[in-house]
Amino acid sequence: MDKTFIIGSILIGVLSGYFLRYFWAKLEINSAERKLEAILEKAEEKKKEAILEAKEKAIGLIEEAKKEAERNMRELKELERDLRNRQGIFEKKLIGLEEKRAQIEKESELISETKERTKKLHEEAVGTLQKIAGLTTEEAKQELFEALEKKYKDDIFGRIKKIEAFGKEQIEKTARQMIIEAMERLAESVVNEVASTNISLPSDEIKGRVIGREGRNIKAIERLTGVEVIVDDTPEVIFVSSFNPLRRQLAKMALEKLIVDGRIQPARIERIVEESKKELSSEIKKTGEEAVYELGITGLDPKLVNLMGRLKFRTSYGQNMLAHSIEVSRLSEMLATELGANVAVAKKAGFLHDLGKAVDFEMQGTHPDLGKELGQKYNLSEEVIIPIATHHEDHPPTLEAAIVKVADALSSSRPGVRKIDYEEYLKRLEELENIAKGFSGVEKAYAIQAGREIRIFVKPEEIDDLASQKLAQQIADKIEAELKYPGEIKVTVIRENRIVEYAR
């Protein structure tokens, strides 16, 4: 009974739960359907609203497009009207240009015809004038120019002198100031050392020992050093002669050592000469290095420095070549600074400009050419080689080359620097006077101021003032072309009339 009741209760509970669940689910479904219907209704309403709004916008766009099209049409019509107006104006101008062109062509033809007629008339007139005057056109021109020159020559001469004086004054003032400043800053003493070729002896007895038995000592010295030893009647002096300055110096050093040592014999001579060669080589190297260090020049090949050291024993007109090279280097540096040139190139080229003189007694050629060859051999730059090769030319190709040429002339031409033989000096003065006397109209010519100036007196009845000006220039040009001289030579032409009367 109890089990049946329990089972029945369970069945009733299950069935009740099932039906309750069924009815509850049905209620949920009905509620969801109602919500879905509501959502669909809202969506439909929004769709209708969107369609209406789109239609309104489309209508607005169409209206705006119509208005834009109408506006564009109006603008096109206005442009078309303007183009028609401009086309009309252009056609009128084109017609006018065609008319002007035709008119110009007619006028051009008329001008050509007129030129031809004028040319014929001119030729006829010239021919008639030539027949009447008996002169050709060129002869008439020449006669006219001569008449004008004669009439206005004083005025022309005055203007030429004024222009030349002004230009020369300005140029000379600037150049003089620049050179004076450079020389004042250098302030070098005059150096005119000569490699000595005479050797002093303590007594004349040494001469016999130098000569040796049957002359074997003197022969050994000459054979080993390549010089000629001269022993004459001059008291307490013997002389060394050789075209090679290094050989002279070697012989001098060896002889001085032998004289001090007192043991003069062939074996001793040979040993002393070898020692002297080493000392001379060392001195040359040291001298070159000291010169380079003193000037502050870098980048030179050691062999090139040794060659420059040789110049200590080389002279030209009594001027020591190493001292001259150092002086030219310093002058070149100062002038390059003033002129804005390459200072390093000018200084190096000034130092090396006479490099060829270190070997000109061993090799054939002029010292500028030898210097150029050595510069190329030891890899000097082209801008340094050019001044070395051209420092004696009239027109150096670079500013640095011109500076080195000027510095070389300054160093060489200062008073007391070089020694010139008396005969050579007289010969130069004579050549200078002969050049001036070779011109027509010259009465007298005198070289004065040690050949720095030549004064020419002309015949006043043959040479006028304008011709005197031309004559001075011609003489100066000929001196430049034919003579070699340091510095410059002033050419002065003097024309004067002397009228003398006597009161009795």
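A short reminder: the numbers here are calculations on the coordinates, not readings from a lab. In this text, all values refer to a predicted model and were calculated from it rather than measured experimentally. We place every Cβ from the backbone using ideal geometry, glycine too, and count neighbours over all the protein chains shown.
Once backbone amide H atoms are built at 1.01 Å from N, V493 has I456 as its partners under 5 Å, excluding neighbours fewer than 5 places away on the same chain. Using the Cβ-Cβ distance between I12 and A43 with R0 set to 41 Å, the FRET efficiency from 1/(1 + (r/R0)^6) comes to roughly 0.30. Placing a pseudo-label 7 Å from each Cα along the Cα-to-Cβ vector at K219 and K437 gives an inter-label distance of 5.5 nm. Per-residue packing, averaged as other Cβ atoms within 10 Å, sorts the ranges 300-308, 337-345 into the order 300-308, 337-345, beginning with the highest.
Multiplying the sequence separation of E461 and T128 by 0.36 nm and subtracting their Cα-Cα distance, what value in nm do you get?
Values: separation 333, 0.36 × 333 = 119.88 nm, distance 3.86 nm.
Extending this stretch completely gives an extra 116.0 nm.
The aspartates and glutamates whose alpha-carbon is closer than 19 Å to the alpha-carbon of K77, local same-chain residues fewer than 8 away aside, are E68.
Modelled spin-label separation between E143 and K35, with each label point placed 7 Å from Cα along the Cα-to-Cβ direction: 13.7 nm. The gain in end-to-end length when the E279 to I104 segment is fully stretched comes to 53.3 nm, 0.36 nm per residue minus the alpha carbon separation. Over the range 45-133, the fraction of Cα-Cα pairs per 10 Å bin, rounded to whole percents and listed from the shortest bin up, is 13, 13, 12, 11, 10, 9, 8, 7, 6, 4, 3, 2, 0. Counting lysine pairs in the range 1-64 whose alpha carbons fall under 19 angstrom apart, excluding pairs fewer than 8 residues apart on the same chain, gives 8. In this simple spin-label model, placing a label point 7 Å from the Cα along the Cα-to-Cβ direction at both K67 and H395 gives a separation of 8.5 nm.
When the listed pairs K312/K405; K257/K357; K372/K484; K347/K405 are checked against a 18 Å cut-off, the alpha-carbon distance exceeds it for K312/K405; K257/K357; K372/K484.
For K141, list the lysines whose Cα falls under 18 Å from its own Cα; do not include residues on the same chain fewer than 8 positions away. Answer for K141, where 18 Å is the Cα cut-off: K131, K150, K151, K153, listed by chain and number. When each of D233, D204, D82 is scored by the number of other beta-carbon atoms lying within 10 Å, the sequence from fewest to most is D233, D82, D204.
The Cα atoms of the range 422-494 define a convex hull whose projected area, averaged across directions, is 4.5 nm².
Taken over the alpha carbons of the range 198-413 as equal point scatterers, the Debye sum produces base-10 log I(q)/I(0) values at 0.17 Å⁻¹ of -1.04.
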